[in-house]
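For reference, the structure is listed below as structure tokens.
The values are calculated or read from the model by the stated rules, or taken from the named source; none is laboratory data. Keep in mind that what you see is a predicted model, and the values were worked out from it rather than measured. No Cβ is skipped: glycine too gets one built from the backbone with ideal geometry, and neighbour counts run over all protein chains shown. SASA here: full protein model, heavy atoms, side chains in, ligands and nucleic acids out. Shrake-Rupley method; radii C 1.70, N 1.55, O 1.52, S 1.80 Å.
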Amino acid sequence: RRVLGEATALHAQAAFWRGAIREALETADAALARLSPGTSGWFGAASLAITAAGQIGDHAAVWRIADAVVATAPRDDDARERRVIAACRALSQLAETTEQARPLEAVAQELTLDALGPEARAWRHRAAIATGARRGFDPAIATIVAAHQAHVEHRDLRSGALMGIYLCSYYVWSGGWE
């Protein structure tokens, strides 16, 4: 069952990278059903399903999976970090913080920033970008740069480049370019 779940999660990742986002969501959901809740693989599949759902604007699915992430205890330290990543990915997809998101925010903050590896740090910063924007121009820029640096440290150059695009976009959007 675990091997089938992991293979299904890989299929979901491949679909996501091909741009078949609905297929990625459906396949990641299937992986969640096959993987043991609370494992690193389960939280990884949840992260992918959350991102796919957010990309197609299915906020109900983002919330459904995010609620499962909040309700599921991690089985070990690696799963604990993967849970933080899943919560942060949900927060980054939902953008606006609401009272409903408070338990999700608590999961995202379960581990201190210095206790996280670079991938989890990157997602923690990405989840904080909207909050940084509400606090002002400089905090938003610092948060985007920190996410970029953590993605590069993790050797996730695609996400690092995306943060560069966010940075340029934020400068233009905010008038900070002038």
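Suppose the filter is over 18 Å from ALA66 (Cβ atoms), of a type in the set (Ser, Thr, Tyr) and free of Cβ contacts under 8 Å to residues at least 24 places away in the same chain; does THR112 pass it?
yes
Just for helices (runs of 4 or more DSSP H) wholly inside region 8-77: which have at least 2 residues that are open to solvent by 50 Å² or more (accessible area, probe 1.4 Å) and among the acidic types (Asp, Glu)?
Ranges flagged: 21-34.
Of everything in region 79-102 that's at pLDDT below 90 and more than 16 Å from ARG124 (Cβ to Cβ), which residue is least open to solvent (accessible area, probe 1.4 Å)?
Among residues in region 79-102 that are at pLDDT below 90 and more than 16 Å from ARG124 (Cβ to Cβ), the one least open to solvent (accessible area, probe 1.4 Å) is THR98.
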